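Visitor: Below you'll find the structure I mean.
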Amino acid sequence: MTIQRISSPEVTEPAPGTWSNCLKVGDTVYVAGLTARDRNMQPAGGDEYHQARLIFERIQHLVTAAGGTMRDVVKLNIYVTQIANREQVWRARREFFDGAFPVATLVEVSALAQAAILVEIEAVAVLGHGGRPS
C-alpha cells in the first residue's frame, strides 16, 4: 500500500521537513493534530468554540480532498488547555457530526504550541464507510 500525502488549498501546509497534515493509506485517512492558526501561523479563532469550529472545517477540507466526507470520520483525539470549557468544543463538534458520533478522546493538557491556542484536534477517517448508525 502506498502512503499518499493529501492537501487542500483551504489548509495551510506545515514547513517542509516538519510533519504532514494528512496522509492516506489505503482507505484510511490520518489527519494530524490541527490548531486554529491563520496563513501566517498565528493563532486565530478566539475562544474554544471558534477555534474548534475552524479546526473541524479544516478536517472537513482534508477528508474531502482525500475523497471522503465527515461521516467517514471514526476517531477524534481532542486536546484542550481548559477542560472546564469542553462544552464549547462539543458544541462545535455537533455542527459537523450527527447520529453516532466518532469515538473520541478529550484531555486537558498544560499547553499547546502557542499560549493563545486552546484546542488541538486530530482525526482518523475510513473512506467509503460513512453511514454510521444513529
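The values are calculated or read from the model by the stated rules, or taken from the named source; none is laboratory data. Note that the structure is a prediction, hence the values are computed from the model and not measured. Heads up, the Cβs are rebuilt from the backbone with ideal geometry, glycines too, and the neighbour counts pull from every protein chain shown.
Visitor: Look at Gln60 and say whether it is in a helix (DSSP H, G or I), modelled with pLDDT of 95 or more and under 14 Å from the mean Cα position of the chain (by Cα).
Guide: Yes: the conditions hold for Gln60.
Visitor: Sort through Gly67, Gly17, Gly46 and tell me the only one that's surrounded by fewer than 17 Cβ atoms within 10 Å (Cβ to Cβ), outside any strand (DSSP E or B), at positive phi and at pLDDT 95 or above.
Guide: Being surrounded by fewer than 17 Cβ atoms within 10 Å (Cβ to Cβ), outside any strand (DSSP E or B), at positive phi and at pLDDT 95 or above holds for just one of Gly67, Gly17, Gly46, which is Gly67.
Visitor: Moving on to the next point. Could you list, in sequence order, the residues of segment 79-107 that are touching a Ser or Thr at 6+ places or on another chain (Cβ under 7 Å) and closer than 15 Å to Ala125 by Cα?
Guide: Scanning segment 79-107 gives a single hit, Ala100.
Visitor: Let me ask something else. Which residues, counting only those in segment 91-111, are more than 23 Å from Val29 (Cβ to Cβ) and either touching a strand residue (DSSP E or B) at 6+ places or on another chain (Cβ under 9 Å) or without any contact (Cβ under 8 Å) to a residue 40 or more places away in the chain (or both)? It would help to see each step written out before you state the result.
Guide: Of the residues in segment 91-111, the ones more than 23 Å from Val29 (Cβ to Cβ) are 91, 108-111.
Correct list: Glu108, Val109, Ser110, Ala111.
Visitor: From the set of residues in segment 105-120 that are of a type in the set (A, V, I, L, M), part of a strand (DSSP E or B) and surrounded by 12 or more Cβ atoms within 10 Å (Cβ to Cβ), which is nearest to the chain's Cα centre (by Cα)? Let's see the steps before the verdict.
Guide: Applying the first criterion (of a type in the set (A, V, I, L, M)) to segment 105-120 yields 106-107, 109, 111-113, 115-119.
Those still in the list that are part of a strand (DSSP E or B) too: 106-107, 119.
Subset that is surrounded by 12 or more Cβ atoms within 10 Å (Cβ to Cβ): 106, 119.
Numbers: Leu106: 13, Val119: 10 Å.
The residue in question is Val119.
Visitor: Here's a follow-up. Could you please give the count of residues in segment 33-67 that are closer than 21 Å to Ala115 by Cβ and touching an Asp or Glu at 6+ places or on another chain (Cβ under 6 Å)?
Guide: So the count comes out to 3.
Visitor: Same structure, new question: For Lys75, only one of the following conditions fails: (1) surrounded by fewer than 17 Cβ atoms within 10 Å (Cβ to Cβ); (2) in a helix (DSSP H, G or I); (3) among the charged types (D, E, K, R); (4) under 11 Å from the mean Cα position of the chain (by Cα). What is its number?
Guide: (2)
Visitor: Given (1) part of a helix (DSSP H, G or I); (2) more than 24 Å from Glu10 (Cβ to Cβ), where does Arg91 come up short, assuming only one miss?
Guide: Checking Arg91 against (1) part of a helix (DSSP H, G or I); (2) more than 24 Å from Glu10 (Cβ to Cβ), the one that fails is (2).
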